1. Filter segment A:254-301 down to the residues that are within 16 Å of the chain's Cα centre (by Cα) and among the β-branched types (Val, Ile, Thr), then identify the one that is farthest from A:Asp82 (Cα to Cα).
2. So, in segment B:68-101, exactly how many residues are in a helix (DSSP H, G or I) and either touching a strand residue (DSSP E or B) at 6+ places or on another chain (Cβ under 7 Å) or more than 28 Å from A:Thr236 (Cβ to Cβ) (or both)?
3. Looking only at segment B:154-169, how many residues end up being under 16 Å from the mean Cα position of the chain (by Cα) and of a type outside the set (Asp, Glu)?
4. Of everything in segment B:12-30, what is surrounded by fewer than 23 Cβ atoms within 10 Å (Cβ to Cβ) and part of a strand (DSSP E or B)? Give them in sequence order.
5. Do we have B:Thr44 as outside any strand (DSSP E or B) and under 19 Å from the mean Cα position of the chain (by Cα) here?
6. B:Ile26: free of Cβ contacts under 8 Å to residues at least 60 places away in the same chain and among the β-branched types (Val, Ile, Thr), yes or no?
7. If you take the residues in segment B:76-86 that are buried (at least 22 other Cβ atoms within 10 Å of the Cβ) and more than 7 Å from chain A (Cβ to nearest Cβ), which one is nearest to B:Lys42 (Cα to Cα)?
8. Are there any pairs, at least 6 apart or on different chains, whose C-beta atoms fall under 8 Å, with the first in segment B:327-352 and touching a residue at least 12 places away in the same chain (Cβ under 8 Å) and the second surrounded by 14 or more Cβ atoms within 10 Å (Cβ to Cβ) and in a helix (DSSP H, G or I), and if so, which?
Amino acid sequence: MSAVTATMSEGDMDARTKPATPDEGARLGFRLTLPAQILVLFISAFPLLMQLYISVTDWSPLSGVGWWNAWEMWNSFANYTDLAADTRFWSALQRTAIVMLVCVPAEFLLGLALATLFADDFPGKRIFYSILLMPMMVVPAVAGYMFFMLFQSGGPVNDILARIIGTPLTIAWLSDPTLALIAVMIADIWQWTPLMFLILLAGLVGVPEDQMKAATLLGANAWQRFTTIVLPKMKTIIIIALAIRVIENFKIFDTLYIMTGGGPGVATETISVYIYKVTTQDLIWGYVAAIALAILIVLSIVAVYAMKRMAKSREVPA
Amino acid sequence: MSAIHLKNLTKSFGDFAALKTMDLEIADGEFMALLGPSGCGKSTTMNMIAGMEEPTSGKILFGERDMAGVPMGRRGVGFVFQNYAIFTHMTVRQNLAYGPRMRGAAKAEIDSRVGAIAEMLQLSPLLDRKADRLSVNILQRVAIGRSAIMEPAIFLLDEPLSNVDAAFRAVMRTELKQLQRQFRQTMVYVTHDQLEAMTMADRIAVMDHGVLQQVGTPLEVYNNPANVFVARFIGAPGMNLLKGRPAESDRGLVVDLGPLGVTPPLPDELASAVRAVRGDVLYGFRPEQVVLAERGLSMPVSFVERIGARTIVHLGEGASAVKAVFENDVELSVGHAAVVAPLAFSVRVFDAATGLAVKAG
């Protein structure tokens with residue numbers, strides 16, 4: 001008898017301390033997180049919706065009506081059809097892709113090589129380490145000026161090359177369409193390899209030492225250890241590093257704009273430079289909104305893909 | 001299979017001598033345990049055998065072959081790490097196949113060797129499991145299998161059971177010993193746990209502070225410790241050692257233990273050896289080889305540990321503290337005096353100055 005009473009009173013206790021239904025708990029949770037949700041809505045969803053709204057109008061800051069009245073200038077989907085036919089947009093997108101496809105792999109390989117080097121001890125490691133991280137700390141605009149001056153036809157780059165070859169050189173780095181793009185990519189690689197290095201070094205140090213020793217004892221040489229142990233263990237961190245750089249590099253702007261202004265002509269005009277010009281010079285904001293939205297969709301696809309890969313590789317923790 | 005000879009082996013890290021001197025012969029097919037407290041140089045010795053570290057001086061021979069300068073990948077050594085160092089991003093099959101694959105063996109050959117080793121270690125049903133979610137005894141088998149597939153001459157095991165919870169250790173010990181019988185390889189097993197060494201090893205090398213203290217079968221090391229360190233280290237609790245002075249009596253040579261009185265006379269053979277010692281001696285006897293008697297050492301009981309199968313009685317205190325282990329519960333309580341007598345055959349005597357055992361005969 002007593003046992004039964006005990007169980008019953010325990011049941012009563014439960015009812016009093018815990019919410020009766022999971023539904024009620026969820027509602028409480030919703031109420032508690034409501035302020036935060038409103039904030040997030042305001043800083044992310046609101047601008048996005050505003051952008052979507054403006055992107056279907058001809059609105060510009062000079063049109064004399066507030067943005068909320070932009071519906072008066074509704075142009076159906078003209079901005080999007082214009083975008084599809086905008087060759088300057090498509091070549092800017094193509095250029096951005098080229099820059100990304102050169103810079104990110106270069107930064108990755110250099111960063112990985114440096115990280116491998118720094119995983120072992122060598123004299124002066126700490127000093128080299130600090131020096132190596134410095135480019136990352138330089139303000140991109142300042143880096144832009146630095147490379148702007150380095151690549152002048154009478155500048156240090158030509159001077160050093162001339163000394164190596166032995167004949168005077170006046171390569172017009174920043175006014176030749178191809179060389180300008182190369183110069184811009186060199187600046188980006190210089191500035192962002194350290195970040196890649198830093199992330200990859202963190203991953204490399206995390207590779208369990210005894211598994212490396214075990215591989216050695218089983219007869220694996222240095223290259224085999226690298227491909228069969230180090231790389232698989234670093235998979236997650238490599239995906240993170242690449243995703244960060246792909247997204248950042250896609251938005252390449254400040255250094256590039258100071259070095260070339262997107263020129264000569266449109267030779268170094270990447271997507272960000274193009275948007276900047278359309279925004280500040282042409283002032284057709286409805287169109288800008290359409291471009292920005294298109295890019296957001298592209299980057300979101302990259303991010304989602306990266307996150308999916310990460311989730312997949314996390315199933316096999318190091 | 002291969003014998004291992006360590007000759008005048010030393011290892012220093014800067015000013016610190018991790019291994020002061022080591023001479024050890026490990027026979028072909030023998031299970032040798034390197035036993036000692038942490039920092040005694042046992043792992044350093046093992047790492048040098050594996051080739052992970054180069055000796056400062058001295059030689060390592062596998063059979064007739066000098067191992068100086070032979071890189072660890074070419075020594076033909078199987079190594080089982082403390083945490084097994086299983087490649088967690090691979091399957092069991094990939095782990096087992098790793099060695100042959102790295103040496104460029106043909107696919108068909110790898111498959112048949114993996115199949116054979118998996119069969120032997122009862123890993124066949126687990127071959128396609130990811131190695132990161134295996135229980136610890138499976139991990140041990142994978143670690144052994146991964147090394148065994150290379151048919152190493154020598155197996156080195158670095159405290160493989162130290163991360164295993166106590167209840168499971170007995171199972172693992174049995175399994176490990178069976179595996180060794182199966183492979184019949186020379187095995188060197190590093191441990192700080194004497195129970196593991198005693199139960200598995202053919203011979204035990206007891207080490208302390210970079211010096212080899214004694215090599216012998218488990219029972220030799222237990223019954224006839226070569227010095228005071230081994231006497232105290234082996235056995236749980238270790239041997240009782242009481243300082244005293246040899247003295248002649250009408251019944252023969254006894255040891256005068258000061259306030260504790262005099263011991264029963266020493267056996268004749270031991271007595272003649274003890275007579276050669278100048279100065280004080282340590283009178284030693286195992287806590288398990290003590291009886292409650294009418295005459296003997298009369299000491300106050302300071303603590304009684306009753307752990308079911310055994311009862312450990314702590315007697316006296318300070319330098320003259322003695323422990324006695326009884327199979328059954330005893331009618332002793334704290335504060336009361338107890339009279340204990342060591343069994344005559346169990347008495348060992350050590351030179352107090354050198355710490356070395358005084359050998360009978």
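The values are calculated or read from the model by the stated rules, or taken from the named source; none is laboratory data. Being a predicted model, the structure only gives us computed values, none of them experimental. Counting neighbours? That spans all protein chains shown, and the Cβs are built from the backbone with ideal geometry, glycine included.
1. A:Thr255
2. Total satisfying the criteria: 4.
3. 6
4. Once the filter is applied, which keeps residues that are surrounded by fewer than 23 Cβ atoms within 10 Å (Cβ to Cβ) and part of a strand (DSSP E or B), segment B:12-30 yields B:Ser12, B:Phe13, B:Phe16, B:Ala17, B:Ala18, B:Lys20, B:Thr21, B:Asp23, B:Leu24, B:Glu25.
5. Taking the combined requirement at face value, the residue satisfies it.
6. Values: free of Cβ contacts under 8 Å to residues at least 60 places away in the same chain: no; among the β-branched types (Val, Ile, Thr): yes.
No.
7. B:Val80
8. B:Val347/B:Leu270; B:Arg348/B:Ala231; B:Val349/B:Leu270; B:Val349/B:Ala273; B:Val349/B:Val274; B:Phe350/B:Val228; B:Phe350/B:Ala231
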